[in-house]
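The values are calculated or read from the model by the stated rules, or taken from the named source; none is laboratory data. Remember, predicted model here, so these are calculated numbers, not experimental data. Quick reminder, even Gly has a Cβ in these numbers, built from the backbone with ideal geometry, and neighbours come from all protein chains shown.
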Amino acid sequence: MITDRFGRTINYLRLAVTDKCNLRCFYCMPQEGLNWLSRAELLSYPEMLRICSLLVRMGVEKIRITGGEPFVRKDIMPFLAEVARFDGLRRLTVTTNGVLTAPLVPELKKMGIHSVNLSLDTLDRDRFFAITYRDEHDAVMQTLEQLLHHNMEVKINAVVMEGKNTQDIIPLAALTKDLPVQVRFIEQMPFNGREAGFSGIVWNHHRILEELQLTYPAIRKLVDPPFSTAYNYQIPGHKGSIGIIAAYTRSFCGSCNRIRITAQGTLKTCLYGTGVLSIRDLFRNGLPDEEVGNALQLAIQNRERDGWQAEEKSMQKNGMHESMAEIGG
Ligand code: SAM
Ligand code: SF4
């Protein structure tokens, strides 16, 4: 079991398998994209299998595959199938933008992936284009259909942004009436890969809830499961549920059970912090698993108390926020 100095147990890994993406969500990266990592800079598949296997042996029970867009990386499906077979791993999940995902759903289900987070900020094609700079709304909606058709557990992630999609809050929430999905409204975070362009949020979790209450005054609070980053709600009579994620106001750090590994194999012990260990370099310098495990343990032990502290240190070092595609969301 891995714990940090505040007694928090780590049992959840978020692994970014690429920094590349086929959308350009303005809150995540610049329109021209990023300085994409070369193949040699990325963790290779054998390296990713090795780190996942080591962490599962150290107590990680849940792995989420993310990116960039995971499905733009070539040969991702055999990799997922292999991770899904790990002894000791209880849950393997994926976060996707849904552009390429629809035809892959049956295979994902067959390999034992039963839960997918689908990013969808709007139900309107024009607003989708204005947010992502790509005309792919139909493809994403097809993925949603396929996921539901195959009885997958679906969480829809929507970042709430002033002037961009606040008119979508109610239509997205209304999806929960007939569909067994969780719609999660996420506070916008500063990870847009630019020096500027983020000046704090207008739509924090309180304001999102107030907006929901105007249309659904009977919306009720559910008990949040352990380690939940979302405040969970349900509209009476609706099949699905609603989550509000205080990603910017950071009210969940006290129970944080997760670590991240970026596409270039850097360990992050806090979303808001800098990378603290290059696993890729340890592997490529020939360190055996035991020593890599010790280094991981030490880095995790020393992690920051919360996202505010981690961000302060990170800004002192880097001076700007990375793109979420580099971190893995
Ligand atoms: N490309 C995949 C996708 O979009 O689902 C996976 C990676 S994406 C970085 C993971 C999640 O991070 C998405 O749900 C996305 O909406 C969210 N995200 C990206 N940038 C964000 C930001 N600046 N603030 C809040 N959420 C963000
Ligand atoms: Fe791509 Fe996901 Fe970032 Fe959008 S949020 S640009 S889909 S990585």
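Some notes on this structure:
- Residue within segment 62-76 that is within 16 Å of ligand 2 (Cβ to nearest atom) and surrounded by fewer than 15 Cβ atoms within 10 Å (Cβ to Cβ) present: no
- Within segment 180-197, not a single residue is at positive phi and of a type in the set (Phe, Trp, Tyr).
- Selection status of Ile261, under 30 Å from Leu282 (Cα atoms), of a type in the set (A, V, I, L, M, F, W, C) and surrounded by 15 or more Cβ atoms within 10 Å (Cβ to Cβ): yes
- Residues of segment 196-220 classified as touching a residue at least 40 places away in the same chain (Cβ under 8 Å) and over 22 Å from the mean Cα position of the chain (by Cα), total: 4
- Some residue of segment 163-185 being among the β-branched types (Val, Ile, Thr), surrounded by 18 or more Cβ atoms within 10 Å (Cβ to Cβ), under 20 Å from the mean Cα position of the chain (by Cα) and more than 16 Å from Gly240 (Cα to Cα): no
- For segment 283-318, the set of residues classified as more than 16 Å from ligand 1 (Cβ to nearest atom), without any contact (Cβ under 8 Å) to a residue 24 or more places away in the chain and either crowded, with 19+ Cβ neighbours inside 10 Å or over 15 Å from Ile259 (Cβ atoms) (or both) consists of Arg284, Asn285, Gly286, Leu287, Pro288, Glu290, Glu291, Asn294, Gln309, Glu312, Gln316, listed by residue number.
- Test: residue in segment 246-256 that is away from ligand 1 (no atom under 15 Å from the Cβ), crowded, with 19+ Cβ neighbours inside 10 Å and closer than 30 Å to Leu179 by Cβ: yes
- Selection count where residues are of a type in the set (Gly, Ala, Ser), within 12 Å of ligand 2 (Cβ to nearest atom) and closer than 24 Å to Val83 by Cβ, scope segment 22-51: 0
Conditions (1) more than 15 Å from ligand 1 (Cβ to nearest atom); (2) under 18 Å from Gly265 (Cβ atoms); (3) among the small types (Gly, Ala, Ser); (4) modelled with pLDDT under 95, marked per residue:
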site: Asn22; (1), (2), (3), (4): no, no, no, no
site: Gly33; (1), (2), (3), (4): no, no, yes, yes
site: Ser53; (1), (2), (3), (4): yes, yes, yes, no
site: Glu69; (1), (2), (3), (4): no, no, no, no
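- Some residue of segment 231-241 being under 30 Å from Glu41 (Cα atoms), in contact with a helix residue (DSSP H, G or I) (Cβ under 8 Å, 6 or more places away or on another chain) and of a type in the set (A, V, I, L, M, F, W, C): no
- Residues located in segment 1-55, provided they are of a type in the set (Asp, Glu) and either without any contact (Cβ under 8 Å) to a residue 40 or more places away in the chain or farther than 16 Å from Leu282 by Cβ (or both): Asp4, Asp19, Glu32
- Within this structure, Ile208 passes the test of being part of a helix (DSSP H, G or I), within 15 Å of ligand 1 (Cβ to nearest atom), β-branched (Val, Ile, Thr) and modelled with pLDDT of 95 or more.
- Count of residues meeting criterion [under 25 Å from Glu211 (Cα atoms), in contact (Cβ under 8 Å) with a residue 24 or more places away in the chain, among the acidic types (Asp, Glu) and part of a helix (DSSP H, G or I)] in segment 124-171: 1
- Filter result (within 16 Å of ligand 1 (Cβ to nearest atom) and either more than 14 Å from Phe71 (Cβ to Cβ) or outside any loop (DSSP other than H, G, I, E, B) (or both)) within segment 112-123: Ser115, Val116, Asn117, Leu118, Ser119, Leu120, Asp121, Thr122, Leu123
- Any hit, segment 99-111, residues being away from ligand 2 (no atom under 16 Å from the Cβ), at pLDDT below 95 and at negative phi: no
- Some residue of segment 92-111 being buried (at least 19 other Cβ atoms within 10 Å of the Cβ), among the β-branched types (Val, Ile, Thr), under 23 Å from Ile300 (Cα atoms) and out of contact with any strand residue (DSSP E or B) (no Cβ under 7 Å at 6 or more places or on another chain): no
- Single condition Ala16 does not satisfy, out of (1) modelled with pLDDT under 95; (2) within 12 Å of ligand 1 (Cβ to nearest atom): (1)
- Restricting attention to segment 186-216 and to residues that are farther than 21 Å from Cys270 by Cα and of a type in the set (D, E, K, R), the residue that is surrounded by the fewest Cβ atoms within 10 Å (Cβ to Cβ) turns out to be Glu210.
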